[in-house]
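First the structure, in the form of structure tokens, and then the observations on it.
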Amino acid sequence: MSSEILTFLVSNVWSIFLIVLFFGGSIFVHELGHYLAARARGVHVEVFSIGFGPPIFSWTAGDGTRYQVAWFPLGGYVLLPQIADLGQLEGESKVDAAELPPVTYGTKVLVFVAGAAFNILFAFLLACIVWVVGQPENNESESTQIGYVTRTIDLADGSRVTSPAMQGGLRVGDMIRSIDGTPVSNWDDINETLSMGSGRDSSGVRNAVFSIVRAGVPMEITLHPRLSGDERWRRVGIMPGYDLNVHAVDANSASARAGLLAGDRIVTVNGAPIMNANGLGDELSLEPARPAHLGVVRQGLMLDLVVPPRTASLQVGDIEFSAGYHMTHPSPFAQIAQPFVMTLRTVWGLVNPRSDIGLSKVSGPVGIVHIFHAAAEAGIRAVLRITILINVNLAILNLLPVPVLDGGQIVFATIGKLRGRALPPNFIMTAQSVFMVLILSMVVYISFFDVRRWSRDARESHAVAPAPAAPAKP
């Protein structure tokens, strides 16, 4: 086992470095905000810690502040005995707070808000970098046009039913403008808005109102999403549309025998319009024993190519489609607004009884590391985008009115300000202890699903990996 761990660490040095740098850096920036605000307001700083638990290493500065890096890297803290007693989490203070000057309500709020403010500032700076250098996007992720309507959809229980999109009458070529009144600008927006939806009719059946444009005519279609896949997301059975421009064809494939060439654009399958590679494979797998007709545009001419009967379906791997990547330069404000809205939607979904969002669908520390690992393999631009998302998440979640979190401390300070005296220390300690246990339990619960998702992704990655001697697949 130790050799396997060592092999994993050595083979993922770059990913581990980026995780430590950007994930750890995000935590550091949050605590730095508290630290600098406290220093600016003359608040005594006893400890500045990255991580919880026993320190890996530490040192004490001349002003008495102890700086440390601890073993449990799920956060950090700045020990401020004048402002908050978080001894259960941060360790008991060695300073008698009663002997220190009192701290005003404004100072408390400023110090607690500063952590979130620094996360937003850090996210903005990273977003400025992405704005300047650009980020690659492809036609698939940028599309709001339906490229394929699946005939069936697999439910969470493993059964297969007619897809809601097929039942509701969505068609290839329809342009999606909004879902349940929320405008969408790309396919991620569509998936997110549908997944976070909470619409139900009078009988409690899930519904989602799609505002579309078909052949220039705006219309609304109400669908009834189903919970699909292991994660039980709301789905209707649609895929994004984009031009199926052929870049290369496997010489030994059924598509090559049909006469398909690089430079062709596939537009129909058996007379039905198609604008999605996965949809192409699905359609050709329905009746592999019968010839299939591909409508192809070649140098401005429409051709009908006949794919001969095949023992296996025509696979996407037989045809390499041009990716259609282009560089975009989204503004820093747009880059922050998108995760900001997504985080608020997620929080609302967790507390909305009509929603299908639960704790099993969100990511904890293990899930965040998994996401960073995947982003590191995709490139530094992907890491920057994930770091922006994480920092916006940290800012919002830390300001929730929950004891132990910054927002909860603001609530305690505000109640004390309104009643003219601080809340009883025993009450605050009890509330913090209860919520600390709840939060740690929630982290353990979420981590179980994070590990399961990571294991499943790893199995799927190994399952689709080509053999060493095989040509690379797209």
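Worth pointing out:
- Flag for VAL392 being part of a helix (DSSP H, G or I), in contact (Cβ under 8 Å) with a residue 40 or more places away in the chain and not charged (D, E, K, R): yes
- Wholly within the range 92-182, helices (runs of 4 or more DSSP H) carrying at least 1 residues that are acidic (Asp, Glu): 139-142
- Per-region count, the range 422-449, residues touching a residue at least 12 places away in the same chain (Cβ under 8 Å) and either more than 14 Å from GLY408 (Cα to Cα) or in a loop (DSSP other than H, G, I, E, B) (or both): 7
- Residue in the range 99-108 that is in contact with a Leu (Cβ under 7 Å, 6 or more places away or on another chain) and either of a type outside the set (Val, Ile, Thr) or at pLDDT 95 or above (or both) present: no
- Scan of the range 364-381 for residues that are part of a helix (DSSP H, G or I) and more than 24 Å from ASP230 (Cβ to Cβ), ordered by number: ALA376, ILE380, ARG381
- In the range 330-359, the residues that are within 17 Å of the chain's Cα centre (by Cα) and not aliphatic (A, V, I, L, M): GLN335, GLN338, PRO339, PHE340, THR343, ARG345, THR346, TRP348, GLY349, ASP356, GLY358
- Sole exception among (1) hydroxyl-bearing (Ser, Thr, Tyr); (2) under 24 Å from the mean Cα position of the chain (by Cα); (3) surrounded by fewer than 19 Cβ atoms within 10 Å (Cβ to Cβ); (4) not in a loop (DSSP other than H, G, I, E, B) for SER211, by number: (2)
The values are calculated or read from the model by the stated rules, or taken from the named source; none is laboratory data. Just so it is clear, the model here is predicted, and its values are computed rather than measured. Glycine also receives a Cβ, built like all others from the backbone with ideal geometry; neighbour counts cover every protein chain displayed.
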